[in-house]
Amino acid sequence: MKKLLIANRGEIACRVTSGARALGIPSVAVYSDADADALHVRMADEAVCIGGLSAAESYLDIGKIIEACAGSGADALHPGYGFLSENAAFAAAVEAAGITFVGPPAEAIRLMGDKLEAKRIAAEAGVPTIPGRPEALHSADAACEAAAAIGYPVLLKAQAGGGGRGMRIAHDQGECREGFEQAVREAQAAFGDGRVFVEKYLQRPRHIEVQILADSHGNVVYLGERECSIQRRHQKVIEEAPSPFVTPEMRAAMGEASVSLAKAIGYRSAGTVEFVADAHGSFHLLEMNTRLQVEHPVTEWVSGIDLVQWMLRIADGGKLDFSQDDVRLTGWSMEARVCAEDPQRGFLPSAGRLKTWRPPAAGARAMPAAADPKKAGPGSGAVRLDAGVEEGDEASVYYDSLIAKLIVCGATRAQAAARLARALDEFAVDGPATNLLFLASLARHPKFIEGDMSTAFIAEEYPDGFDPEAECPREMAELLAAVAVMAQDRCARHTPREWSEAVAISGGQERKLARAWGSGGLEVRFGRRTYRLNSAWRPFEPVARCEVVVGAAKRKKPEILSFGLERAGLGVTVSHAGRQQHCALLPPRSARLKRRMAARPRSSGISLLSAPMPGVLTKLRVEEGQEVKAGEEVGVIEAMKMENSLRSPRDGTVRRIEVRQGDNLDTGQVILHYA
């Protein structure tokens, strides 16, 4: 292998570039017009423009990518994940062009890419599968008929799908009809194949997957399992290895089933066999992903095996130099997917320039040569960041919302979870909205810490969505207010040495306090409770790292905590542990005067509907003069490879429509006016 072309973008393209560089293999990036200045382009040794803005015009264009190989002299190609990575025709075309495909044989991709064929092969190999209708459905009527025969709830699933795209849960005939149409459209857009089938939806299962590695010499090993049950809309959010649910016996059974399936199709390269498991430990095949997974770093850290490098070695004819008996899992690792999306607006995709991008202290993009779970603290080997962006880059509206992965390790699960929570608190981003606060909330959720989870975790624990500004426990609210006091005093260069009274206004509430600065930092009193803060924070830094002591005991050991800080209006917005609070500090007299000021009346009428995110208006379902009901779907916006239903916020009549189907919309762009 003399030169490697990476047929992908974002963080996975950066990750593969690092892996190739470690083996001394020069890399070639391909990029669309939207990605001309992207990080994966800057990292590679060479770059080739394949034009276009959308994925269909660039990263999904087989002809352009093979031409890029020929033009650059690349003799090997790594597909990454997503896009064409599980496209059998692409793998075959690459091999036919005399280029080494860094992945499995095209036939293995074809067999596992056809979910119905995969179920048949798995059953023959003795791997348990989920009950369902083993045929593609050609209409919503056929889907409803099949669903009724299986029994609701059911899962409508793209035959060529993956990554949660082209999947919809239906609990009744209405949801089945609507979900079928959405799944077909989404699957066609993402994979160029709109075929959909239906299977029984198992409620509250755990999603557990097994990593395998196979060479072309007949050797296949499994590298333990990953727990991927924390999901939203079938998209994984936090993953870990190993699973807190899996016993050694279950691990062996799942691993052996995965190896049997891989051998049945003549598999080669890295691959993942995904299962759903019930509370009793019974497991059923979900699918096999014939590519590198997004969450592969957690397996790398507990196994010490670099999967990207092994993919390259295997593609070059290399033989695994270890056996199943040599595989040892050490410590614990967790990964959180950092996405450009807004949790406070229903996780709508976000886009824009990253004005601030300050990850927690982390190692190289690629896995350290020898991962040591016993190393302590962020920045000393326990935190890894796989990112597709740097400060100043854009989160693009044209592609997936995933912009980075934050990975931590620890000697135990508890240590890994604590490090993940702390690292998320230290992560500062300004620009497009991200899910960082939501991730921080998940990482501290009692049930997550206990390992009590299922694929319904987010739906059950956050039934009303996520609001970091919701009312929080008194002690947390006071702590955030105390940090805001520190920030405002430092910014105003006002640090009273004597006790000074003030009022902190946050969340519509007033909290009387007294504060004083001394050699040990700031001391803030709310009634009988005292908070002592000592920090080297300087104004306008996005994260404050503080020594915090709660209570009056002078000899208490301080806890080290990190807080996000942002000046906003007359106050400061403080975030920590998935909570966010805007706080303004006023002298007592100013607070009394503020109480007497009349509040500005708010208009309750909704006169228009605007785009909640940037994207393409793929469907417009209303016309001028039409009556609509609150909650009725009036259109569909496609953004970051996902369909997002646009629903009317009120009953009313459509007076005027400002856009047309197929238009590219900006956030806030007016779509229609109500009469």
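The values are calculated or read from the model by the stated rules, or taken from the named source; none is laboratory data. All values derive from a computational prediction rather than experimental measurement. Heads up, the Cβs are rebuilt from the backbone with ideal geometry, glycines too, and the neighbour counts pull from every protein chain shown. Accessible surface is based on the protein model in full, side chains and every heavy atom, while ligands, DNA and RNA are left aside. Shrake-Rupley method; radii C 1.70, N 1.55, O 1.52, S 1.80 Å.
With r defined as the distance between the Cβ atoms of Ala252 and Leu116 and R0 fixed at 25 Å, what FRET efficiency is calculated, to the nearest 0.05?
It comes to 0.30.
I'd like the projected area of the chain, averaged over all directions, using the convex hull of its alpha carbons. Report it in nm² with one decimal.
Orientation-averaged projected area of the Cα hull: 31.4 nm².
With every protein chain kept in place and ligands, DNA and RNA left out, what is the accessible area per residue of the range 458-540? Probe 1.4 Å, answer in Å².
Here the residues of the range 458-540 average 55 Å² of exposed surface.
Would you work out the relative contact order for the range 119-226, in percent, from Cα pairs under 8 angstrom that are 6 or more residues apart?
Computed over the range 119-226, the figure is 26 percent.
Using a basic spin-label model with each label point 7 Å from the Cα along Cα→Cβ, how many nm lie between Asn219 and Ala96?
It is 3.3 nm.
Test of the criteria: in the range 280-366, which trypsin sites (Lys or Arg not before Pro) are in a DSSP loop and have at most 13 other Cβ atoms within 10 angstrom of their Cβ?
Lys319, Arg328, Lys355
Enter the per residue convex hull volume of the range 549-675, computed from alpha-carbon coordinates, in Å³ rounded to the nearest integer.
191 Å³
Quick one: in the range 412-472, what % of C-alpha pairs are over 13 Å apart?
That tail contains 67 percent of the Cα-Cα pairs.
State the percentage of accessible surface on the range 201-342 attributable to carbon and sulfur atoms; use a 1.4 Å probe and exclude ligands, DNA and RNA.
For the range 201-342, the apolar C and S fraction of the accessible surface comes to 46 percent.
For Glu498 and Lys594, compute 0.36 nm times the residue count separating them, minus their Cα-Cα distance, and round to one decimal in nm. Could the numbers behind the result be given before it?
On the way: separation 96, 0.36 × 96 = 34.56 nm, distance 2.54 nm.
So the extension gain works out to 32.0 nm.
Per residue, how many Å² of accessible area does the range 119-165 show with a 1.4 Å probe?
Here the residues of the range 119-165 average 40 Å² of exposed surface.
If you put +1 on each Lys and Arg Cβ and -1 on each Asp and Glu Cβ, how big is the dipole of the range 38-171 around its Cα centre, in Debye rounded to 20?
That gives a dipole near 520 debye.
So if I average 1/r over every pair of distinct C-alpha atoms in the range 457-565 and take the inverse, what Kirkwood radius in Å does that give?
Values: mean 1/r = 0.0667 Å⁻¹.
It works out to 15.0 Å.
Considering the options Gly266, Pro587, Ile637, tell which one lies farthest towards the positive end of the dipole of the chain, charges being +1 on Lys and Arg and -1 on Asp and Glu at the Cβ, about the Cα centre.
The residue sitting farthest along the positive end of the dipole is Pro587.
Can you give the calculated 222 nm mean residue ellipticity of the chain, where each DSSP H run of n ≥ 4 adds -39,500 (n - 2.57) and the sum is split over every residue, rounded to the nearest 500 deg cm²/dmol?
For the chain, the value works out to -8000 deg cm²/dmol.
Leaving out ligands, DNA and RNA, what percent of the accessible area of the range 437-488 is carbon and sulfur, probe 1.4 Å?
48 percent
Counting only heavy atoms of protein chains, what accessible area per residue, in Å², does the range 219-334 have with a probe of 1.4 Å?
31 Å²
Two decimals, Cα atoms only, Kirkwood Rh: what is Rg/Rh over the range 19-66? If you can, show how the numbers build up before the last one.
Values: Rg = 11.4 Å, Rh = 11.2 Å.
Ratio of gyration radius to Kirkwood radius: 1.01.
State the percentage of accessible surface on the range 508-635 attributable to carbon and sulfur atoms; use a 1.4 Å probe and exclude ligands, DNA and RNA.
Taking all protein chains in place, the range 508-635 shows 50 percent carbon and sulfur surface.
Hey, what do the phi angles of the range 410-416 turn into as Karplus ³J(HN,Hα) couplings, whole Hz, using 6.51/-1.76/1.60 and θ = phi - 60°, x for Gly and Pro?
Per residue, the Karplus-derived 3J(HN,Hα) values read x, 5, 10, 5, 4, 5, 5 Hz.
Tell me, what ³J(HN,Hα) does each residue in the range 51-68 have, in order and in whole Hz, if you take phi through Karplus 6.51 cos²θ - 1.76 cosθ + 1.60 with θ = phi - 60° and put x for Gly and Pro?
The phi angles translate into x, x, 10, 6, 4, 4, 8, 9, 6, 9, 8, 4, x, 5, 5, 5, 4, 5 Hz.
What is the set of long-range amide H partners of Ala387 at a cut-off below 5 Å, with H atoms built 1.01 Å from backbone N?
Lys405
So which of Lys64/Lys405; Lys115/Lys236; Lys115/Lys263 end up more than 27 Å apart by C-alpha?
Beyond 27 Å: Lys64/Lys405.
Could you please report the charge total around Lys619, scoring K, R as +1 and D, E as -1 over all other residues with beta-carbon less than 11 angstrom from its beta-carbon?
Numbers: positive: Arg185, Arg621; negative: Glu181, Glu633, Glu638, Glu643.
Summing Lys/Arg as +1 and Asp/Glu as -1 gives -2.
Report, in debye and to the nearest 20, how large the dipole of the range 159-258 comes out about its Cα centre when Lys and Arg carry +1 and Asp and Glu carry -1 on their Cβ.
In debye, rounded to 20, the range 159-258 gives about 300.
What distance in nm separates the two pseudo spin-label positions at Ala22 and Ser519, each 7 Å out from Cα along the beta-carbon direction?
With each label point 7 Å from Cα toward Cβ, the separation is 4.9 nm.
What is the sum of charges, Lys and Arg at +1 and Asp and Glu at -1, for the other residues whose Cβ falls under 12 Å from the Cβ of Glu633?
0
Where a ≥ b ≥ c are the square roots of the eigenvalues of the C-alpha gyration tensor, would you call the range 505-599 rounded, which needs a/c under 1.5, or, failing that, prolate if a/b is larger than b/c, or oblate?
Since a/c reaches 1.5 but b/c is at least a/b, the shape of the range 505-599 is classed as oblate.
Relative to the present Cα-Cα distance, how much length would full extension add between Asp45 and His171 at 0.36 nm per residue of separation?
Once the chain is fully extended between Asp45 and His171, it gains 40.3 nm.
Give me the net charge for the shell around Ile99: Cβ to Cβ below 13 angstrom, other residues only, Lys and Arg +1, Asp and Glu -1.
Result for the neighbourhood of Ile99: -2.
Rounded to two decimals, what is Rg over Rh for the range 65-176 when you use alpha-carbon atoms and the Kirkwood radius?
1.10
Please report, in whole Å³, the volume per residue of the convex hull around the C-alpha atoms of the range 626-675.
Dividing the Cα hull volume of the range 626-675 by its residues yields 79 Å³.
What are the ³J(HN,Hα) values, in whole Hz, obtained from phi via the Karplus relation 6.51 cos²θ - 1.76 cosθ + 1.60 with θ = phi - 60°, for each residue of the range 168-177 in sequence order, with x given for Gly and Pro?
9, 8, 10, 9, 7, 5, x, 5, 5, 5
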